[in-house]
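Q: Let me begin by handing over the structure; questions about it come next.
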Amino acid sequence: MSLQDRLKPLIKVLKVGSLIGGSIFVVAYHFREIYRSIDKIVNANVLDVEKKFIPEYIYIDDPLYNATVSLEYDKEKSNNVGLSRIWKSLKHSLAWRLLWLSRHGNREQRNLALEQLASFKNNKVWDSFKIAQALDKSTAVLLARTYGVDLGYFLPPPIHVRRAAFNAELLSHKFIDMISTVDTINPHSCIHQFLSKHLINIQDHLVEVDSIPSKPDSISEKQLCILCLDALHHHIFLFHEKHYNIDVSSSTLIKLGILPLLAEFMLRYRYDADVDLAVLKILTVLSLHTNLLTDFFQNGLIGELARLLKSRDIRLASSAAVCLANLSGEFCYRPGLYLLHPLYRTKHVHVCDTLLVHGLRGGVFVTWRQRDKKCAEPVGIIEVTVSDVECEPCDEDSINKNRFLDPDLQQVIEDIEELEDEALLSNLEVVLHDIPIVTKRELITDNMLTANKKKIALLQEEQDKCNYTHCWPKDWLPKDCSNLRILGFNYWSKLSDWLEGCPLQNADIESRADELASTLIDAGVGTNNVVWLAHSMGGLIVKQLLIDAAQSSDPRYKKLCHNTKAVLFYSTPHKGSALATMPRAAAAVLWPSKDVKQLKENSPTLLEIHQLFIKFADSFHWETISFAETLPTLITAFKVPVHFVDPYSADLGRGAFYQLPLDHLSICKPATRQSVLYTTVLDVLHRATNCKVEHKLTDSHVKRMIDLLWLILSKVKHRNNNLQEEQTKHCYEKALLEAFTSDFVF
């Protein structure tokens, strides 16, 4: 046998081996590339089904989910033909590309990717589920804060939480156990009072190991759960710490599984505002700890916060915005501080912080409401005085009753009416609401209104009467002034010791000022311009805060002083209030609280604060504006008229001063946007935000095109005012930069 015949079997084996080996290599190579592509988009940890230390976040075992997905897949498979299939493929690839950029791109790319992803409309259920499964926790919390996002991008709570929501087991028993546990860690008299009030025999039942405390028959299960959550919130609010490792109360509640219970409670009472608000109170405290983002994410609470952020209820939307901002790590809003604007993430950097500080027995969502005939329900011993403004819904039928079918004829009629209105208004004086009856040191401004401005003012006034707002700074200021961040601060107070109160919350003005200062510093207030709006005792707190900041050696507090531009006082008792110096017989009946006793007329403490504030206001050039009430406020059920702050005490003695025919509760509630209570604030904010935005151009190509365009425009423009030219250039740069950056995304 020749050598060639002997080598034939060996050559054959080598051929077959090389073919098999090459095939295995090609398959292995493609598997590795596919694995790398999937790993960039999908979190591999959720696919590790062997390590079930925590609940799985991909709920493939849910029968309802499988049925829904299968049905949607069949519909998509039958409908995708021709150009629709090509469009779906492009949209699908773009969505995954945006997801990848939102996780791995730089900050600018991430923001643009999230905005584009949120702009997708009319998403199929199948597409939304695929995106939801691919989202990681960091991308999910940022996407939840993006305007217009589809709620289908967020998976619901885990299946075991959803199943538990349909069980008949009482949640109140579990909340009561948590209350008892945290009370052993940080004993507090309010907890004992709550247990003794709503669960009379709680101690006897706790002695028996296998016994469950009975639920009072007079309280429903939902109401008892809300009361329990209020007690838990009060406890962790008092004992919370900035760092999680020393926040014993919050960490204990997390270990006891409070987040799944809160998700279950929200599912049981879906779209119930009272339930959502009770849950949000606790979440705002727990969201301070960014390390809990994983727990929020795995329990489906990110999607719930995204839903509540879209709520029309300002309390729910503001609290949800605080939670998401804290969890994202972009800001740190401590308990008591509410974010009113902007609620969503924005690419515009705010240049001015507007801070709202209420007075005694007030609140962010009570004090700063628009005035109407029933501007507030009775709060404590106070019943609100009825004003002369009534808010009625707009009558659309009366607006459209004179419409014509022919659009050309309608346009001609509107033009004629506009000319007649301008001719009529040019010779008439327009009298708006809230005209001051006495003014001192009034600012020199151009109050002359043209015919067009008069018409706009009257139209705005009618709109504001029809569209009532529960927080006029939040709804009105962003429309008339851009680049603002509006924050409201809540603190607990009371007028009479007849009302229940927590002994740990009876703080004086100095303590409250210190608490507010540290809270604002953590939120980044002081790095930009600051404008304060303060009502009643809130003005004293602001004055004490600014005095302490001016005397502090901390550079952060110094920035707060230097960047404060204006303080507006609404009936602030600079020299005390007559309410604190009432006769002994009246004091015995009303039993004024410690908060009221701090406001004695000509108190040495208040006079010292007043003198120091005037000194530092002159030193730091703070603009000050004061408003005074001239009408008495009706208090108690007998409607006893009481003048809380007289004009002498409300006059700071510096800056503009206005006396208005309003009572103490209405002095901070403008009737419309034409009220002097609002226009004064708007003028101050316009001065505080003027020419403050600075853009850093990083693209030399964009910079050259802007310079070229400006060179052409500058030859056409008049050269009469150099300052006006610089401002115009700045506006062109801003607009062109936004346009070019939006076009050159990919």
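Q: Given H placed 1.01 Å from N in the peptide plane, which residues other than close sequence neighbours of residue 341 have an amide H under 5 Å from its amide H?
A: For residue 341, the qualifying residues are 486.
Q: Would you grab the residues whose amide H sits under 5 Å from the one on residue 624? Only those 5+ places off in sequence or on another chain, please, with H modelled 1.01 Å from N.
A: Excluding prolines and chain starts, which carry no amide H, the hits are 567, 656.
Q: In the structure displayed, which of 242/558; 558/597; 347/559 lie more than 29 Å apart, Cα to Cα?
A: Details: 242/558 23 Å; 558/597 31 Å; 347/559 24 Å.
Table pairs above 29 Å Cα-Cα are 558/597.
Q: 7 Å from Cα along Cα→Cβ at both residue 608 and residue 246: what's the point-to-point distance in nm?
A: 3.0 nm
Q: Grab the beta carbon distance between residue 256 and residue 618, set R0 = 45 Å, and tell me the FRET efficiency rounded to 0.05. Provide the component values of the computation, followed by the final result.
A: Values: r = 55 Å, r/R0 = 1.21.
Calculated value: 0.25.
Q: In what sequence, highest mean first, do 155-161, 528-534 appear when ranked by Cβ atoms within 10 angstrom? If you can, show how the numbers build up before the last one.
A: Working: 155-161: 19.0, 528-534: 24.3.
In decreasing order of mean packing, 155-161, 528-534 become 528-534, 155-161.
Q: Still on this structure, I have one more. Quick one: with all protein chains in place, what share of the accessible area of the range 230-301 is carbon or sulfur, to the nearest percent (1.4 Å probe)? Could the numbers behind the result be given before it?
A: Values: 1350 of 2540 Å².
Of all accessible area on the range 230-301, carbon and sulfur atoms account for 53 percent.
Q: Per residue, how much accessible area does the range 124-191 have with a 1.4 Å probe, in Å²?
A: Numbers: 2640 Å² over 68 residues.
Accessible area per residue, the range 124-191: 39 Å².
Q: May I pose another question? Output wanted: per-residue J couplings in Hz (rounded whole) for the range 10-25, from phi through Karplus 6.51 cos²θ - 1.76 cosθ + 1.60, θ = phi - 60°, x for Gly and Pro.
A: 5, 5, 5, 5, 5, 4, 5, x, 5, 5, 5, x, x, 5, 5, 5
Q: Using a 1.4 angstrom probe on the protein heavy atoms only, could you order 368, 96 from most to least accessible area? The partial results should precede the final answer.
A: On the way: 368 0, 96 50 Å².
Ranked from most to least accessible, the order is 96, 368.
Q: Apply the Karplus curve 6.51 cos²θ - 1.76 cosθ + 1.60, θ = phi - 60°, to the phi angles in the range 341-346 and return the couplings in whole Hz, x for Gly and Pro.
A: Going residue by residue, I get 7, x, 6, 9, 5, 9 Hz, with x marking Gly and Pro.
Q: Continuing with this model, one more query. Return the FRET efficiency for the residue pair residue 438, residue 527: r is the Cβ-Cβ distance, R0 is 51 Å, and the value is rounded to the nearest 0.05.
A: On the way: r = 38 Å, r/R0 = 0.75.
The computed FRET efficiency comes out at 0.85.
Q: On a full-extension model of 0.36 nm per residue, what is the gain between residue 192 and residue 119, subtracting their alpha-carbon distance, rounded to one decimal in nm? Before the final figure, lay out each step's value.
A: On the way: separation 73, 0.36 × 73 = 26.28 nm, distance 5.06 nm.
Value of the extension gain: 21.2 nm.
Q: Leaving out ligands, DNA and RNA, what percent of the accessible area of the range 598-637 is carbon and sulfur, probe 1.4 Å?
A: Working: 1080 of 1880 Å².
The computed percentage sits at 57.
Q: Please list the non-local residues whose amide H lies under 5 Å from the amide H of residue 634, H modeled 1.01 Å from N, same-chain partners needing a gap of 5 or more.
A: When sequence neighbours closer than 5 places are left aside, the close amide H contacts are 385, 642.
The values are calculated or read from the model by the stated rules, or taken from the named source; none is laboratory data. Source: prediction; values computed, not measured. Here Cβ is always computed from backbone atoms with ideal geometry, including for glycine, and neighbour counts include all displayed protein chains. Only protein heavy atoms, including side chains, enter the accessible area calculation; ligands, DNA and RNA are left aside. Shrake-Rupley method; radii C 1.70, N 1.55, O 1.52, S 1.80 Å.
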